[in-house]
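The values are calculated or read from the model by the stated rules, or taken from the named source; none is laboratory data. What you are looking at is a predicted structure, and each value in this text was computed from that prediction instead of being measured. FYI the Cβ positions are ideal-geometry reconstructions off the backbone, even for glycines, and counts take in every protein chain you see. For accessibility, only protein heavy atoms count, side chains too; no ligands or nucleic acids. Shrake-Rupley method; radii C 1.70, N 1.55, O 1.52, S 1.80 Å.
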Amino acid sequence: MANPSLLILAGDGIGPEVMGQVVRIIDWFGEKRSLAFDVEHDLVGGAAYDKHGTPLHDDTMAKALAADAVLLGAVGGPKYDALDFSVKPERGLLRLRKEMDLFSNLRPAQCFDALADFSSLKKDIVAGLDIMIVRELTSGVYFGEPRGIFEEGNERVGINTQRYTESEIDRVARSAFELARRRNNKVCSMEKANVMESGILWREVVQKVHDEDYPDVELTHMYADNGAMQLVRAPKQFDVIVTDNLFGDILSDCAAMLTGSLGMLPSASLGAPNADGRPKALYEPVHGSAPDIAGQGKANPIACILSFAMALRYSFDQGEEAARLEKAVEQVLADGARTADLMGPEDGTPISTSEMGDAILAALDASL
Ligand code: IPM
Ligand code: MG
């Protein structure tokens, strides 16, 4: 049988350096676990713009649609700030999400014991935290029409549209309930039904999906602003949170920071299953391109490495190997390995991106 295929789009900023460590880990699984992948590399974001004048070439889009999974680093940087909106690096990522129809974005926020002290919140509030944010990723205000900047009388008006169909809400709600059943069986749905009609519909549909097909899962609803407050007040009350594209963008950054660093948080963006049962899938760290530290070997590769662990679990049905990789990460953190993002100014010398990769590979070897 052919090896499963991976398309790697390292992108911009720290993307290439953190992805470099992921490639070493992929090779390790090929050599030591007979889990080989056919890996291809291509460009996305500013890197693609520099070469092709577009943040995502049509050939790359076609490769992404054909691959068994896509691994993405990060896109964007100040170099591209002045570009026209239509060719900004972010448009490349948004096109991938839209054309692969990756409607369900899983963003786990898990606090590693070794890092509980590093959160900006008190240790007892975050220790043991394990929540999953399911963010709708292909609709809402990110894609709704009309959109644009228009003339209106003697001034301009900027317009974006929040728009959700019942089927779009239905399918992401289902993915949240399915996940909850494999976790602690609780879903909290967040919207602003107090001020938005799209929020009223969201609440109704989520409740209906629940009542018809998932009555065994505990469902609550919360206004998204209260959700933001509860996330920093008492985050452990949550198991799975399901929310729309924009609220999910904001709430997931908030949840991520509870864990001590954005450099730790992976994500999976999943579509409907293909004929082979595998969902269309793209895996990427939640952190951005961090242009301020790019190219200096300071970046934390863990979020990107844990994104590959999610690929093992959600695309390749290798839950045990995913757990092996996650345990290796936990082990090196427990042993005190720290990149700069995981240290205060007085905490000594951080290790580099590749030294973190070395440590994780050593922990993987030790797991055999
Ligand atoms: C994210 C990012 C993206 C988003 C940007 C880079 C387009 O913030 O994945 O959370 O807003 O969705
Ligand atoms: Mg974001």
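Couple of notes before you dig in:
- Enumeration of residues in the stretch 281-325 that are outside any helix (DSSP H, G or I), of a type in the set (Gly, Ala, Ser) and farther than 18 Å from Gly30 by Cβ: Ala281, Gly288, Ser289, Ala290, Ala294, Gly295, Gly297, Ala299
- Boolean, Ser120 is at pLDDT 95 or above and polar (S, T, N, Q): no
- Here Asp59 passes the criteria (1) under 9 Å from Leu9 (Cβ atoms); (2) of a type outside the set (A, V, I, L, M); (3) free of Cβ contacts under 8 Å to residues at least 24 places away in the same chain except the one numbered (1).
- Filter pass, Phe150 being open to solvent by 70 Å² or more (accessible area, probe 1.4 Å) and modelled with pLDDT of 95 or more: yes
- For the residues Leu282, Leu306, the requirement of being under 24 Å from Asp117 (Cβ atoms) and either open to solvent by less than 10 Å² (accessible area, probe 1.4 Å) or of a type in the set (A, V, I, L, M) (or both) singles out Leu306.
- Residue that is nearest to Arg135 (Cα to Cα) [pool: residues in the stretch 158-171 that are open to solvent by 40 Å² or more (accessible area, probe 1.4 Å) and without any contact (Cβ under 8 Å) to a residue 40 or more places away in the chain]: Asp170
- Among the residues of the stretch 291-304, those identified as touching an Asp or Glu at 6+ places or on another chain (Cβ under 9 Å) and either closer than 30 Å to Asn3 by Cβ or within 16 Å of ligand 2 (Cβ to nearest atom) (or both) are Pro291, Ala299, Asn300, Pro301, Ala303, Cys304.
- The stretch 72-99 - residue that is of a type in the set (Asp, Glu) and within 14 Å of ligand 1 (Cβ to nearest atom) and, of those, surrounded by the most Cβ atoms within 10 Å (Cβ to Cβ): Glu90
- When residues of the stretch 239-259 are limited to those that are more than 13 Å from ligand 1 (Cβ to nearest atom) and crowded, with 23+ Cβ neighbours inside 10 Å, the one farthest from Ala176 (Cα to Cα): Thr259
- Of everything in the stretch 122-143 that is surrounded by fewer than 19 Cβ atoms within 10 Å (Cβ to Cβ) and aliphatic (A, V, I, L, M), the residue that is nearest to ligand 1 (Cβ to nearest atom) is Val141.
- The number of residues in the stretch 184-203 that are of a type outside the set (Val, Ile, Thr) and loosely packed, with under 14 Cβ neighbours inside 10 Å comes to 2.
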